[in-house]
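First comes the structure, then the notes that go with it.
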Amino acid sequence: MSTLAFSAQPATARRMGPLAAIVGAHALLFWLIASGMLSQAVRVVVPQEVVLTFVTPPAPPKRTAPAPRQVELTQPAPPTPPPLPAIALPQEAAPSIAAAPVAVAVSTPAAPPVQTAPAAPPAPRLISAVEYVQAPRIDYPAMSRRMGEQGKVVLRVLVNGKGLPEQVAVQASSGFSRLDEAGKQAVQRALFKPYMEDGRAVPVFVLVPLTFQLS
């Protein structure tokens, strides 16, 4: 019985310890409030509010430029020369001067002589025949031989004063372009005897017929 009473007392003391501490803390708090010490501590800890106010400085007064003054410029009058004394001149008959007419000879330059252009030589005329120094040598085209092409081409040839063929054109076609071209090449290799007229060689046109025939 005595053992149980002894063990219960320490447990009760342990439970009452925190409760006693809480009660003591409340009692201390009430005492601080009553004495005013707590409010002083709050004033010390809380900083005071600082208010900053910006004041705008007044604008500087505007300076107005003085109005320009108008200055009237006066030009001094030119000095008046003193009057000259009047001098009487003897009256004489004024001599009369008659200008004699001057004859001016104007020479007109002579007109330059008109240069007449030399007369153009007459156009070569067409003659019926001409002699050969070297007759045209015909080369029969190989393709025309295989194709069996035959025909007669008439060429219009301009023979100059040296007997050379200057122009060769087809007057009448053979019907085959290969034969016509072969005839033109043959005439261009030929040499003609110059045609004489009034003792001088003149260019003439002549018709040269060439016949292509397979034997």
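The values are calculated or read from the model by the stated rules, or taken from the named source; none is laboratory data. It should be emphasised that the depicted structure is a prediction, and the values quoted were computed from it without experimental measurement. Cβ coordinates were reconstructed from backbone atoms using ideal geometry, including for glycine residues, and neighbour counts include every protein chain displayed. For the accessible areas, the whole protein counts, side chains as well, though only heavy atoms, and no ligand, DNA or RNA atoms are used. Shrake-Rupley method; radii C 1.70, N 1.55, O 1.52, S 1.80 Å.
General remarks:
- Cβ pairs under 9 Å, 6+ apart, first in region 115-143 and within 23 Å of residue 190 (Cα to Cα), second among the charged types (D, E, K, R) and in a loop (DSSP other than H, G, I, E, B): 130/193; 131/193; 132/193; 133/193; 134/189; 136/189; 137/189; 141/149
- All of (1) surrounded by fewer than 16 Cβ atoms within 10 Å (Cβ to Cβ); (2) at pLDDT below 95 hold for residue 195 with one exception: (1).
- Across region 165-181, the qualifying residues are those that are closer than 20 Å to residue 148 by Cβ, open to solvent by 40 Å² or more (accessible area, probe 1.4 Å) and among the charged types (D, E, K, R), and the one among them that is farthest from the chain's Cα centre (by Cα) is 178.
- Checking each residue of region 190-204 against the condition of being more than 23 Å from residue 123 (Cα to Cα), not in a loop (DSSP other than H, G, I, E, B) and not β-branched (Val, Ile, Thr) gives no match.
- Residue in region 151-161 that is in contact (Cβ under 8 Å) with a residue 60 or more places away in the chain and surrounded by fewer than 13 Cβ atoms within 10 Å (Cβ to Cβ) present: no
- Take the conditions (1) part of a loop (DSSP other than H, G, I, E, B); (2) hydrophobic (A, V, I, L, M, F, W, C); (3) under 16 Å from residue 128 (Cβ atoms); residue 214 misses just one of them, which is (3).
- All of (1) open to solvent by less than 70 Å² (accessible area, probe 1.4 Å); (2) of a type in the set (Lys, Arg); (3) touching a Phe, Trp or Tyr at 6+ places or on another chain (Cβ under 8 Å) hold for residue 184 with one exception: (3).
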